[in-house]
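Reading through the structure tokens given below for one structure.
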Amino acid sequence: TANGDVAVAGSEVIILDLDPLSSATNHNGGNMQFGPDGKLYVGTGENANTDWAQDLNSYHGKILRINPDGSVPAGNPYTTGSSQKLRVWSYGLRNPFTLSIQPGTGRLFVNDVGQVDWEEINEATTSGKNFGWAWTEGNTTNPLYTSPIYTYQHREAGSGSGCAITGGTFFNPSSTNYPAAYMGKYFYMDYCGNWINMLTLSGTTATSSTFASNIAGSPVAILTGTDGNLYFLSRNNNALYKITYSGSSAPVITTQPQSISVAQGNTATFSVTVTGSSP
């Protein structure tokens, strides 16, 4: 429990004990996000044991979906089996270092770090998907596995390649002075490439373009702030960076009011969001 910017003494509560780790020192953690359904989505690495990613009786190499108290929620894909299996939302992941949930839609993207050839952005909005690790990496034609919504090559240099996808965020702030062209984009970054790229999404099609290059070294997280700016962490510089837009832009409506029907005498409420500079 928080009290300002510190934790209340003695307030720690254990929500869920994950499976014991091996002696491996990598792929041991992940990211947590609350979805619009009030459930907690948890990414876990396979602890450098490839078999665990396909084992539904292991918490490793999964996206878990749990209630805020750690219990099993209704709506998970597996309704019988071990405690681990009941909490699995999707599986077949190597190192889902970060994940992001889109405001409004609840769309869930998982950024899975590759080993040999491909870095993956997987869509786990629908439950029960198997993303194929360790039997496949990148796109696949095997009907047992789900291909990523986007991949890029695992190399050390170049704006479209790198060594580890370490962050991603949907850009859907309630207000921002960024140009309207950035609304709804998915921003993602690479640990070795030191770049931030963005995806333009149209259904299940994702098209990448460059956003920023030569950023502070070894970036490990990116998010959309409540102030409408992008923020990212640099491990090399031990620093948090804020990306601001210094230009001016005319106001643009980004969310139109929706038509509704109400009985006569009742209240009708409409909402609209815009971007642009004040006034």
- request: Mind telling me which of the residues G30, G45 ends up being surrounded by 11 or more Cβ atoms within 10 Å (Cβ to Cβ) and within 18 Å of L223 (Cβ to Cβ)?
  value: G30
- prompt: Here are some residues: S213, S218, S208. Which one is surrounded by fewer than 19 Cβ atoms within 10 Å (Cβ to Cβ), at pLDDT 95 or above, farther than 14 Å from I121 by Cβ and among the polar types (S, T, N, Q)?
  reply: S218
- request: Would you check if there is a residue in segment 74-85 being among the basic types (K, R), open to solvent by 30 Å² or more (accessible area, probe 1.4 Å), modelled with pLDDT of 95 or more and assigned to a loop (DSSP other than H, G, I, E, B)?
  value: no
field: Residue identified as in a loop (DSSP other than H, G, I, E, B) and in contact with a Pro (Cβ under 7 Å, 6 or more places away or on another chain) among G114, G132, G128
entry: G128
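Yes/no matrix, rows are residues, columns are (1) surrounded by fewer than 10 Cβ atoms within 10 Å (Cβ to Cβ); (2) over 17 Å from F170 (Cα atoms); (3) not acidic (D, E):
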residue	(1), (2), (3)
D227	no, no, no
N236	no, yes, yes
Y241	no, yes, yes
Q256	no, yes, yes
V262	yes, yes, yes
- request: Scan segment 129-157 and report the pairs whose first residue is of a type in the set (D, E) and whose second residue is open to solvent by 50 Å² or more (accessible area, probe 1.4 Å), with Cβ atoms within less than 7 Å and a gap of 6+ or a chain change.
  value: E137/Q115; E137/V116; E137/D117; E137/W118
Residue count for segment 243-254, restricted to those that are of a type outside the set (G, A, S) and either open to solvent by 70 Å² or more (accessible area, probe 1.4 Å) or touching a Lys or Arg at 6+ places or on another chain (Cβ under 9 Å) (or both): 4
task: Among what's in segment 42-56 and is part of a loop (DSSP other than H, G, I, E, B) and either over 15 Å from F131 (Cβ atoms) or of a type in the set (S, T, N, Q) (or both), pick the residue that is farthest from the chain's Cα centre (by Cα).
output: N49
- prompt: Among the numbered criteria (1) surrounded by fewer than 15 Cβ atoms within 10 Å (Cβ to Cβ); (2) of a type in the set (D, E, K, R); (3) outside any loop (DSSP other than H, G, I, E, B), which single criterion is violated by D69?
  reply: (3)
- line: Cβ pairs under 6 Å, 6+ apart or interchain, first in segment 32-51 and within 16 Å of A124 (Cβ to Cβ), second part of a helix (DSSP H, G or I), ordered by first then second residue, are E46/W52; E46/A53
message: Give me the strands (runs of 3 or more DSSP E) completely within segment 135-204, filtered to those with at least 1 residues that are open to solvent by 50 Å² or more (accessible area, probe 1.4 Å) and in contact with a helix residue (DSSP H, G or I) (Cβ under 6 Å, 6 or more places away or on another chain), ordered by residue number.
response: none
- prompt: Given the structure, is G203 at positive phi and either among the hydrophobic types (A, V, I, L, M, F, W, C) or in contact (Cβ under 8 Å) with a residue 40 or more places away in the chain (or both)?
  reply: no
message: I'd like the residue in segment 1-27 that is open to solvent by less than 70 Å² (accessible area, probe 1.4 Å) and more than 27 Å from L108 (Cβ to Cβ) and, out of all such residues, is modelled with the lowest pLDDT.
response: S22
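The values are calculated or read from the model by the stated rules, or taken from the named source; none is laboratory data. This one's a predicted model, so the numbers in the text were calculated from it and none came from an experiment. Here the Cβ is made from the backbone with ideal geometry for all residues, glycine too, and neighbour counts use every protein chain on show. We work out accessible area using only protein heavy atoms, side chains counted, and drop any ligands, DNA or RNA first. Shrake-Rupley method; radii C 1.70, N 1.55, O 1.52, S 1.80 Å.
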